[in-house]
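The values are calculated or read from the model by the stated rules, or taken from the named source; none is laboratory data. Note that the coordinates shown come from a computational prediction; the quantities given were computed from them, not determined experimentally. For neighbour counting, all protein chains shown are included, and Cβ atoms are generated from backbone atoms with ideal geometry for every residue, glycine included.
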Amino acid sequence: MYQIENSGSIISTKNRSRWLNISRNVLFLGMTSLLTDISSEMIATTLPLYLAFSLRLAPLELGIIDGIYQGAAALVKLASGYVADRWQRHKEVAMTGYGLSALCKLGLLGAGANWAALAGVTLVDRIGKGIRTAPRDAIIAASTPKDQFGTAFGAHRALDTAGAMLGPLIASALLAFTANAYDAIFVVSFCFALVGFAVLTLFVKNRRTTHDMIEGSPAKVKTIAPGDVARLLAEPNFRSIALIGGLFSLTTLSDPLLHLNFQRSLNFGIELVPLLFVVVALIYMLLAVPFGRLADRWGRSRMFVLGYGLLMAAYALVIAPVFGMASLPIYALLLGAYYAATDGVLIAAASAALPDHLRTSGLALLTTFTSLGRLVASVTFGALWGAQGSPFAIGVFLAGMAAVVALAAWRGK
Amino acid sequence: MQKNKSISKKVAGADEPASKNTWIFGGVVCMALLIGGGYLGWAAMRQTARQTPAQTPSGISAPTQPGSLLALSQKEGEENQVKIIAAGKNAESGIAQLGCNRVYFAGGNGLCLVPQGGGQGVQLMFARLFDSNFEIKHSFVSEGLPSRARVSPNGRYGAFTSFVTGHNYESVGSTASTKTVIVDLQNKAAIADLEQFTVLRDGKVFKAVDFNFWGVTFANDNNTFYATLNTAGEIFLLKGDVSSKTLNVIGKDIECPSLSPDNSKIAYKKRLKPGDWRPAVLDLATMQSTVLNEQRNIDDQIEWLDNTRVIYEIVDRSQNRKHIVATPIDGRGEASILLHDAISPAVVR
């Protein structure tokens, strides 16, 4: 333990920005994510309009493209995690992912009205996203002392969320400014992605797995095999995190689905829904660092479970908005705080539980579980909602969440 | 301590000359600003140059003469502007300062559908109610992308359909679902989503999660309407009643209906295979269908020019242009272009 703390102090002597005592790598990766999220959210906002009105694609085709969007990312995630760990090339693998997505913005220009080309570009863009996430998070962990993982991931997620918030606003402003020149949106989106890629390439440094190297000779990097990744699940700490994270994801609804159910139960104007996204993101952004720091001190698993407690309160509010219109800000606050307490904190907890040489693969494995869980949750919710209506369906999810909280509390003892 | 020193050296060794990278970064940012800013400026100029010609006299009114047409222009420079075509002519007689992705007009009231960006998986749209002077009187908000619009003959009720993708309950984004809302244009209030209507099939309540409705067409009594229901891959024709909020299944494989001016027939899209439709006409007295003499795929809610001819949009994929064509309903007469570069026709009765 002494040695690990010591390694942290080594990192902190160099390459640390004064602000928040966060490693420069983390700040630069945050900037990369901010710029990339601006870029991709610009496209996400305008692509449906572009497909339907500029290219005149039929809705059936639209649906297929949408489906590709969702499924592609998970497939490449595990492979890229393994490659990054095997050859200790986290930055290079992340660069491949960010670079692919940046090129896709130009690809949209080139694809024109060719439906197959559009579907292909969309697929590559999602693959890029699948490739980059786990190695990026592994670099954040490798650049941070273990006792500050929560703060570091909180800082990264705050910047990331800022980008997701700005993207749609920039896109709407540019569409108005250029009188619906979709091609200009793609070019500007590419420029943001390009600068994000440049920040990663020029300023982020690959870190050899610093924490473990203290234990052995620095030259001796462990070579890994696919079997090692599978054996991660036998490791009690990580298994516990993957289990609880996976179970929670089974009870988690997507934001649009939750917002729209809330809109129906509270009966506020649907035009407020986009605003709700912005407010929730803003609260998440503001709370991500303080909650991350709190998690570091207080226990990340505890913070994570508490976050789901907040989400349970939000679900209860969707079923019964007992505070009238005041339910709206309360809901936004609960949801934003839930994100701040869970999103980066889960990755921080998992990163701390994973051995350095297998961290990327482990994170990829974990996020594959959670995205699968969310997919199953959406389908289950659809079936429940159809059979018994929305309050019942949300009630079942709420009960499920309570059960997982109880399980987590019991295991935590 | 020895080991620690060697590591700290290694970490320091990873540093490249910071100033050089900063210069490269400055160069990339400048390049991005030049490309992005330059392209934006050029695009803005290009778009305004295309949109200037609107030689619109302000104070233009909707036509009142039966047989006149409202449509949306697809000409370069006036995309999606509402244009007016006088009865018996096939050239425009005026352009209104109103842009829509779908338009309909009847009985002095019009509906103009426009998409409104939402972001993060939620797409919003407005259905704007306009009067004979093309002045907007009210805006209904809905979800999704604009698809179909209709107004009852006396202008009392309106209906619009949108495509909702992404967050669907049943499909997790694999297919698009539709949302159809009936609105009271006189009181400027939504009546109901068709999902809230009671659907009866052979006198029994018919219900499923995957119900999708579209293509409302109103009858001359301004209360009865027809619409399409899609469930479990099957297409049904519905006859609805606004005041009692009920829908009855009256037929199969009749998609996106449109009532003739005398209410004796329904023009619709006949599905040959998924994504491939032909115009057809159903006689409501005999329930017999006639497929029209049209070889191209159509994806539109058909409109009636008069009791013997229907009009609809045809996409010329090779040139990416859209035209409105007219076709006699006898099944023999050939389709001919009525209006170049236009969509979403509404005929004044």
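Odds and ends about this structure:
- Conditions (1) within 27 Å of B:ARG309 (Cα to Cα); (2) within 14 Å of chain A (Cβ to nearest Cβ); (3) among the charged types (D, E, K, R); number of the one not met by B:GLU76: (1)
- Verdict on A:VAL195 being more than 30 Å from B:ARG46 (Cα to Cα), in contact (Cβ under 8 Å) with a residue 12 or more places away in the chain and within 9 Å of chain B (Cβ to nearest Cβ): no
- Residue list for region A:161-174, filter: more than 7 Å from chain B (Cβ to nearest Cβ) and surrounded by fewer than 22 Cβ atoms within 10 Å (Cβ to Cβ): A:ALA162, A:LEU166, A:LEU169, A:ILE170, A:ALA173
- Tabulated pairs, region A:376-394, first within 10 Å of another protein chain (Cβ to nearest Cβ), second among the basic types (Lys, Arg), C-beta under 8 angstrom, 6+ apart or interchain: A:SER390/A:ARG264
- Here A:ALA409 does not qualify as surrounded by fewer than 19 Cβ atoms within 10 Å (Cβ to Cβ) and either closer than 30 Å to B:GLU195 by Cα or of a type in the set (S, T, N, Q) (or both).
- Of everything listed in (1) part of a loop (DSSP other than H, G, I, E, B); (2) within 14 Å of chain A (Cβ to nearest Cβ); (3) at pLDDT 90 or above, the single unmet condition for B:GLY166 is (3).
- Listing of helices (runs of 4 or more DSSP H) fully contained in region A:1-120 that carry 3 or more residues being modelled with pLDDT of 85 or more and either out of contact with any strand residue (DSSP E or B) (no Cβ under 8 Å at 6 or more places or on another chain) or under 30 Å from B:SER318 (Cα atoms) (or both): A:24-49, A:59-86, A:90-111
- Residue that is modelled with the lowest pLDDT [pool: residues in region A:271-292 that are surrounded by fewer than 18 Cβ atoms within 10 Å (Cβ to Cβ) and more than 13 Å from A:ALA162 (Cβ to Cβ)]: A:GLU271
- Some residue of region A:221-236 being more than 9 Å from chain B (Cβ to nearest Cβ), modelled with pLDDT under 80, buried (at least 20 other Cβ atoms within 10 Å of the Cβ) and not in a helix (DSSP H, G or I): no
- Residue under evaluation B:VAL103, criteria (1) free of Cβ contacts under 8 Å to residues at least 60 places away in the same chain; (2) within 30 Å of A:MET42 (Cα to Cα), criterion not met: (1)
- Selection over region A:159-179 of residues that are over 27 Å from A:LEU286 (Cα atoms) and touching a residue at least 60 places away in the same chain (Cβ under 8 Å) gives a count of 1.
- Wholly within region A:301-413, helices (runs of 4 or more DSSP H) carrying at least 3 residues that are small (Gly, Ala, Ser) and at pLDDT 95 or above: A:327-353, A:390-412
- In region A:311-338, residue surrounded by the fewest Cβ atoms within 10 Å (Cβ to Cβ) [restricted to those that are without any contact (Cβ under 8 Å) to a residue 24 or more places away in the chain and among the β-branched types (Val, Ile, Thr)]: A:VAL322
- Considering the conditions (1) among the aromatic types (Phe, Trp, Tyr); (2) more than 27 Å from A:PRO355 (Cβ to Cβ); (3) free of Cβ contacts under 8 Å to residues at least 60 places away in the same chain, A:TRP87 is excluded by exactly one of them, (2).
- Elements of type strands (runs of 3 or more DSSP E) in region B:283-349, at least 1 residues being surrounded by 14 or more Cβ atoms within 10 Å (Cβ to Cβ) and on the phi > 0 side of the Ramachandran plot: B:342-347
- Tabulated pairs, region B:27-39, first more than 8 Å from chain A (Cβ to nearest Cβ) and over 14 Å from A:LEU35 (Cβ atoms), second at pLDDT 95 or above and in a helix (DSSP H, G or I), C-beta under 7 angstrom, 6+ apart or interchain: none
- Taking region B:309-329 as the range and being at pLDDT below 95 and over 16 Å from the mean Cα position of the chain (by Cα) as the test, the residues that pass are B:ASP316, B:ARG317, B:SER318, B:GLN319, B:ASN320, B:ARG321.
- Of the residues making up region B:242-298, just one is touching a Pro at 6+ places or on another chain (Cβ under 9 Å) and among the polar types (S, T, N, Q), namely B:ASN293.
- Residue check for A:TYR284: part of a helix (DSSP H, G or I), of a type in the set (Phe, Trp, Tyr) and more than 19 Å from the chain's Cα centre (by Cα): no
- Look at region B:189-211: where a residue is within 11 Å of another protein chain (Cβ to nearest Cβ) and a partner is part of a helix (DSSP H, G or I), sitting 6+ places away or on another chain with Cβ atoms under 8 Å, you get B:ALA208/A:GLY386; B:VAL209/A:GLY382; B:VAL209/A:ALA383; B:VAL209/A:TRP385; B:VAL209/A:GLY386; B:VAL209/A:ALA387; B:ASP210/A:GLY386; B:PHE211/B:GLU195.
- Those residues of region A:339-378 which are surrounded by fewer than 19 Cβ atoms within 10 Å (Cβ to Cβ), closer than 16 Å to A:ALA84 by Cα and in contact with a Gly (Cβ under 7 Å, 6 or more places away or on another chain), in sequence order: none
- Residue pairs whose Cβ atoms lie under 6 Å apart, separated by 6 or more positions or on different chains, with the first residue in region A:263-280 and over 17 Å from B:SER139 (Cβ atoms) and the second in a helix (DSSP H, G or I) and not aliphatic (A, V, I, L, M), are A:LEU266/A:SER327; A:LEU276/A:HIS259; A:VAL280/A:GLY336.
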